[in-house]
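Working notes for the structure below.
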Amino acid sequence: MTIFLQSLISGILVGGVYALIGIGMTIIFGVMRVINFAHGDLLMLGMYGTFYLFTLFNVDPFISIVIIIPIMFLYGGFLQKVFINRILGSLPQNQILLTIGLGLIMSNSVMLAFTSDYKILSTSYSSSSFDILGISISTPLLISFAITAVITAALYWFLLKTDTGQAIRATAQDREAAQLMGINVKRMSIIAFGLGASLAGTAGALISPTYYIFPQVGSTFTLKAFVITVLGGMGSIVGATLGGVLIGVAESIGGVYFGSGWKEVVVFVLFLLALLFKPSGLMGKSNA
C-alpha cells in the first residue's frame, strides 16, 4: 500500500505540470481550432531559458517563471501573427505541417546554438525530499505542483471574470458569432497563442530542475500534450487539467508496477481506451 500511495502522490505532482502543458494546447485549439505540434518545443525553449538564467545570472528556476512567462507570451504572439494566422481555416494537414515545421526550426536552431549535449540544472533542492507517514515527497515536484495550482487558478479567474477572458471564451465557442458581436477575433487569437506559449514555457521552467534538457526534448511533451488534450476533451480546460493529472498518475503507477520502460505503454493504452469508449474525451461533448 505504501508503494501504491508513493506512486500515486508522485503521479499527481507530476500530473499537475502535465496539466499546465495540456491547458496551453487546449486554449490554442479552442480559440483557433489548430493543434499546435510545436507545443513541446515551446516548452523546450522555456527549459533552456531557465537553464541559462540559472547558470549565467543565478536566477532560481522557480523565480525565473516571472521572466519566462512574458517572454514566451510575446514569442507566442509573434508566431501566431506571422505564421499561424496565415493558415487559419485552411486544411488540417497544412496546419499540422506548419506547426511541425516551426517546431523543427526551433529545436534545430537550439541544437546549432547550444549543441545537442544533455544539460542538467542542479540546484540545492533538485534531489531533496521529505517524508510524511513513510511516504517520500519530492521537494521540487511539490513546489512545481503548488506553482501550477496558483497559475491554473489565476488562469481560470482571468477567463471567467475579465472582459478579455470572456472574449477568448466566446471566440472559442463560436468564432463567427463572436466577430459579429464586435469581438476582435484576430486579437483574441494572438492572446490565446501567447497564453499557450507562456504556459508551455512555464511548464518547462518548472520541470527543468528534475529533467534532462536537450533540443529534442520537446517531441516527448508534444505527444503528451496531444494525448492530454484529446483525453480531456478537445477545447476543455477542465478536461485538460483532469487529463494531465490522470496521465501523470498512469505513468507513475505503470512505471512502478510494470517497469519504467512500460510507463509510456500504459499511457497510450489508457488513451486508446478513452478513444474507444469515450471519443469525445472526459469533459468533451458528444456529437451524437
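The values are calculated or read from the model by the stated rules, or taken from the named source; none is laboratory data. The structure presented is a predicted model; accordingly, all values stated were derived computationally and were not measured. Because the Cβ atoms are built from the backbone with ideal geometry, glycine has one as well, and the counts that use them run over all protein chains shown.
A few notes on this one:
- Among the residues of the range 105-119, those that are touching a residue at least 12 places away in the same chain (Cβ under 8 Å) and either within 15 Å of F37 (Cα to Cα) or surrounded by 11 or more Cβ atoms within 10 Å (Cβ to Cβ) (or both) comprise M106, S107, N108, V110, M111, F114, S116, K119.
- Of all residues making up the range 89-118, the number that are over 20 Å from F29 (Cα atoms), polar (S, T, N, Q) and either out of contact with any Phe, Trp or Tyr (no Cβ under 8 Å at 6 or more places or on another chain) or modelled with pLDDT of 95 or more (or both): 4
Residues checked against (1) β-branched (V, I, T); (2) modelled with pLDDT of 85 or more; (3) not in a helix (DSSP H, G or I):
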{"position": "L246", "(1), (2), (3)": "no, yes, no"}
{"position": "E264", "(1), (2), (3)": "no, no, no"}
{"position": "L275", "(1), (2), (3)": "no, no, no"}
{"position": "A288", "(1), (2), (3)": "no, no, yes"}
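- Contact map, the range 210-239: first residue in a helix (DSSP H, G or I), second residue of a type in the set (F, W, Y), Cβ cut-off under 7 Å, separation 6 or more or different chains; pairs are T222/F37; K224/Y18; V227/F271; I228/Y18; T229/F29; L231/F271.
- Applying the condition of being over 16 Å from D60 (Cα atoms) and among the aliphatic types (A, V, I, L, M) to the range 116-145 and asking which residue is nearest to the chain's Cα centre (by Cα) yields I137.
- Among the residues of the range 55-77, those that are assigned to a loop (DSSP other than H, G, I, E, B) and in contact with a helix residue (DSSP H, G or I) (Cβ under 9 Å, 6 or more places away or on another chain) comprise V59, D60, P61, F62, I63, S64.
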